[in-house]
Amino acid sequence: MPNKFIQILLLWAIVTANVACSYVADYIEGEITNRARFSISAHYEAGTGVIVEWDANPGNDSFAGYEIYMTKEANNEFAEYIVVGACYDISTSPYFQIDANLDNPSTSRFVHQTGNLPQSGIYFYRVGVIEWDERDYNNDGEDEKKPSSPDESLYELYTNIADISGSAMVEIP
Amino acid sequence: MRALHHYIIPFIVLLCIHLFAVNTGSFAQYVYEASTLHNAASRSQTVQQIFYQRWDTIFSNYLHFDAYIHLNWVYDFYVNSYNRGTGTTQAVPMRLVRTFSDIALLFPVYTPVTETPDEAQPVDITDVSTFRKPWVDNSILLGFTACGYHYGLTRTVDINRGSAGTESASDYAFSQFFDDIVAITAVFVPYVTLHAGIVFNQQIEPNEDGTLDYNFDPSTITKRYFTSVSLYNTLTWRSTAAKDRLESYDISLNITQFLSITTTIPSYLPQITIGYKKYQKYNDEPYDPVWVSTASGKSNTMSDSLKQHATLYTYYTTLSKNFGNFFLATSIELQHVDKTIVDKRTEQKVSLPVMRLWWAKAGYDLMDRPGWDFIVWLGVNKFYDPAMSYHSKHSDNDTGGWFAMIDGTSPYITLSIKASYNDYSELDKLIEAIDKYIIEGSASFRI
């Protein structure tokens with residue numbers, strides 16, 4: 001009995017000392033509502049464009065790529081975000097560009113090139129970590145974490161935002 | 001042509017007025033400031049209330065372990081927010097998120113040897129009566145709890161992923177509040193139950209980008225201390241103290257339980273509990289709707305040493321009774337305050353009505369198996385609080401409310417979904433939730 005008592009007490013102490021329960025519940029709610037979890041930086045560089053940098057460290061198991069988002073309207077922090085960078089051609093927006101490096105989990109930089117930038121104003125950028133849905137891609141009766149041969153149509157149908165960054169403000173002159 | 005001009009100009013003026021009215025609709029809505037969330041004393045009451053509810057569940061079901069989570073969303077808050085794009089402040093729709101989780105352990109450290117051990121009955125994991133038995137009299141139990149409540153506003157962000165669809169994300173907005181309890185429990189069955197613990201009140205400002213750097217460091221957090229003593233599960237004392245003063249205490253007596261100690265209680269008698277609570281509710285804080293004693297010379301920026309305090313005394317009676325699968329309960333709560341309180345807006349004396357609250361609820365269990373419940377609950381209430389019209393566009397200080405809940409229980413897992421509108425238990429936690437729909441889900445795992 002004393003050993004069991006000590007084990008339980010230690011377990012309880014470890015749990016409560018490291019993470020308070022208020023944060024555990026909030027973390028779960030944040031997972032449900034896709035809470036912004038990490039910070040990014042973004043700045044404008046004349047002749048280059050907007051440089052977005054991040055450090056997300058996604059897992060490899062179901063990683064599908066990064067997506068870069070920008071506010072749709074100038075000078076409005078609360079506007080809808082549109083995708084401006086992805087590893088597949090998923091948008092017809094004039095600001096969108098394909099970047100094959102975005103399918104690599106170790107990528108940590110994206111340049112929104114000058115030719116794809118909107119009119120001058122203040123814009124906000126975010127980075128999304130995209131993951132594959134777990135489903136039966138091979139039609140073998142068992143679910144896989146990602147397709148063995150990913151392509152654009154599968155990407156459009158079976159991916160979702162697993163993690164998203166906070167916003168970074170950039171003034172485009 | 002001149003006649004046309006005659007009509008066109010008034011038409012354009014009317015059209016402009018109409019368009020202005022339509023397009024400024026969101027700005028015309030009432031703008032909420034989450035001010036009462038800053039009331040750490042009130043938040044401490046809330047987290048303790050749920051702590052005690054969990055322990056009632058643990059004791060009444062003879063549990064050794066309880067892990068519980070509860071998520072609550074309040075919609076349609078409009079909050080004045082600074083837009084870094086426009087450089088102006090505007091009313092922005094937000095959602096108030098309130099989450100609670102709890103982990104509790106209870107185990108015997110001493111159990112007297114019984115003369116007639118009941119080991120003949122085989123264990124059936126679907127029938128709790130075969131594996132959860134009442135604690136043996138004179139045994140000593142020890143329990144530990146860690147639980148916490150988070151409150152905060154979040155803003156939804158719409159993300160258009162082109163042909164990959166649309167999704168949403170959420171940002172933290174404004175101060176986030178994290179209240180945690182660490183507590184120890186000791187029980188000498190059935191004579192005494194003791195709880196003692198610390199409430200940690202923490203406020204964290206999110207980053208400008210909508211993320212939050214969380215850090216739980218007890219040495220830097222405001223603390224409160226609480227204790228509870230219950231004799232024979234009949235007479236219960238609960239108190240909360242801040243660093244320098246006793247903030248509240250609550251004494252209650254379960255009359256039915258008390259009578260059952262000495263005599264046999266007729267089966268038709270309901271459970272009757274009476275209680276008295278003292279709570280230092282009004283403290284000249286910026287979020288309080290009233291000034292204490294006088295409005296003269298007071299302001300929301302005055303120093304703590306000048307603040308006066310008024311205590312609210314409440315007296316309550318609760319009746320509950322089961323009729324087979326049918327449950328009924330009702331309660332009334334009366335009030336008075338020990339000092340004059342003055343409305344901050346009108347500077348007129350506020351006369352509190354004698355009745356602060358009444359509520360009634362009914363439930364029906366659609367299952368009839370030990371340890372398995374599927375209860376549908378409906379409840380109504382009437383609630384008064386002078387902060388109601390101060391912190392919302394509600395025209396007066398009382399309101400009627402309701403809730404509907406489905407509560408499912410199995411031997412190891414419970415699930416519950418609740419919808420409410422102006423339910424007193426929600427308004428008591430946060431008065432700004434008035435005139436808003438609230439959705440809540442909870443789940444627990446227990447052994």
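Given the options B:Arg161, B:Arg155, B:Arg132, name the one that is more than 7 Å from every other protein chain (Cβ to nearest Cβ), crowded, with 16+ Cβ neighbours inside 10 Å, out of contact with any Leu (no Cβ under 8 Å at 6 or more places or on another chain) and among the charged types (D, E, K, R).
Exactly one residue qualifies, and that residue is B:Arg155.
For the range B:415-444, which residues satisfy the criterion of being in a strand (DSSP E or B) and either charged (D, E, K, R) or without any contact (Cβ under 8 Å) to a residue 60 or more places away in the chain (or both)?
Those that are in a strand (DSSP E or B) and either charged (D, E, K, R) or without any contact (Cβ under 8 Å) to a residue 60 or more places away in the chain (or both): B:Leu415, B:Ser416, B:Ile417, B:Lys418, B:Ala419, B:Ser420, B:Tyr421, B:Glu440.
Between a residue in the range B:291-317 that is more than 19 Å from B:His38 (Cα to Cα) and any residue that is surrounded by fewer than 16 Cβ atoms within 10 Å (Cβ to Cβ) and β-branched (Val, Ile, Thr), which pairs come within a Cβ distance under 9 Å, given they are 6 or more apart or on different chains?
Correct list of pairs: B:Ser293/B:Thr340; B:Thr294/B:Thr340; B:Tyr315/B:Ile274; B:Tyr316/B:Ile274; B:Thr317/B:Ile274.
Which one of these does B:Gly143 not meet: (1) in contact with a Leu (Cβ under 6 Å, 6 or more places away or on another chain); (2) modelled with pLDDT under 90?
Among (1) in contact with a Leu (Cβ under 6 Å, 6 or more places away or on another chain); (2) modelled with pLDDT under 90, the lone unmet condition for B:Gly143 is (2).
Hey, among the residues in the range B:285-316 that are touching a strand residue (DSSP E or B) at 6+ places or on another chain (Cβ under 8 Å) and of a type in the set (Val, Ile, Thr), which one's nearest to B:Glu333 (Cα to Cα)?
B:Thr314
Among the numbered criteria (1) buried (at least 17 other Cβ atoms within 10 Å of the Cβ); (2) at pLDDT 95 or above; (3) not hydroxyl-bearing (Ser, Thr, Tyr), which one does B:Glu432 miss?
Answer for B:Glu432: the failing condition is (2).
State all residues of the range B:351-388 that are without any contact (Cβ under 8 Å) to a residue 24 or more places away in the chain and within 24 Å of the chain's Cα centre (by Cα); if no residue qualifies, say none.
B:Val354, B:Val380
Collect the residues in the range A:98-156 that are within 13 Å of chain B (Cβ to nearest Cβ), buried (at least 18 other Cβ atoms within 10 Å of the Cβ), of a type in the set (Ser, Thr, Tyr) and farther than 26 Å from B:Arg84 by Cβ, keeping them in residue-number order.
Selection gives A:Tyr155 alone.
Considering only residues of the range A:157-173 that are more than 8 Å from chain B (Cβ to nearest Cβ) and more than 25 Å from A:Asp89 (Cβ to Cβ), which is surrounded by the fewest Cβ atoms within 10 Å (Cβ to Cβ)?
Here the residue is A:Pro173.
Looking for whichever is within 16 Å of the chain's Cα centre (by Cα), surrounded by 17 or more Cβ atoms within 10 Å (Cβ to Cβ), under 30 Å from B:Phe107 (Cα atoms) and modelled with pLDDT of 50 or more here; the options are B:Gln45, B:Gln53. Which one fits?
Exactly one of B:Gln45, B:Gln53 is within 16 Å of the chain's Cα centre (by Cα), surrounded by 17 or more Cβ atoms within 10 Å (Cβ to Cβ), under 30 Å from B:Phe107 (Cα atoms) and modelled with pLDDT of 50 or more, namely B:Gln45.
Output the residues belonging to the range A:75-95 that are out of contact with any Phe, Trp or Tyr (no Cβ under 7 Å at 6 or more places or on another chain), among the hydrophobic types (A, V, I, L, M, F, W, C) and more than 7 Å from every other protein chain (Cβ to nearest Cβ).
Answer for the range A:75-95, where residues must be out of contact with any Phe, Trp or Tyr (no Cβ under 7 Å at 6 or more places or on another chain), among the hydrophobic types (A, V, I, L, M, F, W, C) and more than 7 Å from every other protein chain (Cβ to nearest Cβ): A:Ala79, A:Ala86, A:Cys87.
The values are calculated or read from the model by the stated rules, or taken from the named source; none is laboratory data. Given the structure is predicted, the values throughout are model-derived calculations rather than measurements. All Cβ positions, glycine included, derive from the backbone under ideal geometry; neighbour counts span all protein chains shown.
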